[in-house]
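Report on the following structure.
The values are calculated or read from the model by the stated rules, or taken from the named source; none is laboratory data. Everything numeric in this text was worked out from a predicted model, so none of it was measured. When we count neighbours, we look across all protein chains shown, and the Cβ atoms used for this are built from the backbone with ideal geometry, even at glycine.
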Number of protein chains: 2
Amino acid sequence: MDRIPILKMGRFLLVTIQVDLYDRLATNLEADLVQAVSTTGARGVLIDISALTIVDSFMGRIIGNIGSMAKIMDAETVVVGIQPAVAITLIELGLELKGVHTALNVERGMQLLQEKIGPEDETTDDDSSTE
Amino acid sequence: MDRIPILKMGRFLLVTIQVDLYDRLATNLEADLVQAVSTTGARGVLIDISALTIVDSFMGRIIGNIGSMAKIMDAETVVVGIQPAVAITLIELGLELKGVHTALNVERGMQLLQEKIGPEDETTDDDSSTE
């Protein structure tokens, strides 16, 4: 396998990382994801890493890269499904995942993105007007 | 890796198959999915196989099994992301994917499930609000 599928779900893209990223796979993922953001006009990217039990600095860097790339294309990135051991490793390795939000699972990640991005392109019916 | 992550999205479960299923992985997936349907009360299962470029009779049988298992637990199964070559192979192998619906991609699969299942009735795990 040298490509990780990117699923479009409404205004968001969902990527489930199930295997360790090696060089080409990571490069392809970055390229595919930026391309997908461009063609779909997605406003958010969800990266699920619940299948990963370990994480290394390479993986951390790739996720950070993806977040930065998505950001300059006006899409927010949320990493979800971080396992306890992975959270520990990330902090111990000093990986900050800068520019990337995190959430417990996909559902909460989607909620977070909805909040960040705001309602879909129509006038808000809320009492409180957005500034 | 010996487990494929199962993501809960609203009333549905999403499984992205990215690697060839071997014995234990397939058995685990069946068990995990049935367990997930039971604990989450999911009404639909989406299986994305867009990462697969080939499919064999074992894979076809597992998908059929999952569909049947979900069915008797009152959940519909939709297989999405079937690549052209995979569609050809499925038919040439005589694999019917009985009891399983298919759709072009995740979004259409979700639409299909929404239509099959109907509008959301009163949510069970939301906090009850009186209006």
Checklist entry - Consider B:Ala42 against the criteria (1) closer than 21 Å to B:Gly94 by Cα; (2) outside any helix (DSSP H, G or I); (3) in contact with a Lys or Arg (Cβ under 7 Å, 6 or more places away or on another chain); (4) not acidic (Asp, Glu): it satisfies all of them except one. Which criterion is unmet? => result (1)
Next on the checklist: Checking the conditions here, which among B:Glu107, B:Glu115, B:Glu96 is in a loop (DSSP other than H, G, I, E, B) and within 17 Å of the chain's Cα centre (by Cα)?
Outcome noted: B:Glu96
Item to check | Looking only at the stretch B:29-46, and only at residues there that are in contact (Cβ under 8 Å) with a residue 40 or more places away in the chain and crowded, with 16+ Cβ neighbours inside 10 Å, the one that is farthest from B:Val78 (Cα to Cα) | outcome: B:Arg43
Item to check | Residue satisfying all of: in the stretch B:1-20; surrounded by fewer than 20 Cβ atoms within 10 Å (Cβ to Cβ) and under 17 Å from B:Ile82 (Cβ atoms); modelled with the lowest pLDDT among these | outcome: B:Asp20
Checklist entry - When residues of the stretch A:18-40 are filtered for being within 9 Å of chain B (Cβ to nearest Cβ) and under 15 Å from the mean Cα position of the chain (by Cα), how many remain? => result 1
Item to check | Filter pass, A:Val80 being under 23 Å from B:Ala51 (Cα atoms), more than 11 Å from every other protein chain (Cβ to nearest Cβ) and either modelled with pLDDT of 90 or more or surrounded by 15 or more Cβ atoms within 10 Å (Cβ to Cβ) (or both) | outcome: no
Item to check | Where A:Asp74 falls short, out of the listed (1) assigned to a loop (DSSP other than H, G, I, E, B); (2) on the phi < 0 side of the Ramachandran plot | outcome: (2)
Item to check | Residue, surrounded by the fewest Cβ atoms within 10 Å (Cβ to Cβ), within the stretch B:47-64, restricted to residues that are in a loop (DSSP other than H, G, I, E, B) and either among the hydroxyl-bearing types (Ser, Thr, Tyr) or more than 11 Å from chain A (Cβ to nearest Cβ) (or both) | outcome: B:Ile54
Checklist entry - In the stretch A:4-17, how many residues are without any contact (Cβ under 8 Å) to a residue 60 or more places away in the chain, more than 7 Å from chain B (Cβ to nearest Cβ) and not in a strand (DSSP E or B)? => result 2
Checklist entry - Given (1) in contact (Cβ under 8 Å) with a residue 12 or more places away in the chain; (2) within 14 Å of chain B (Cβ to nearest Cβ), where does A:Gly67 come up short, assuming only one miss? => result (2)
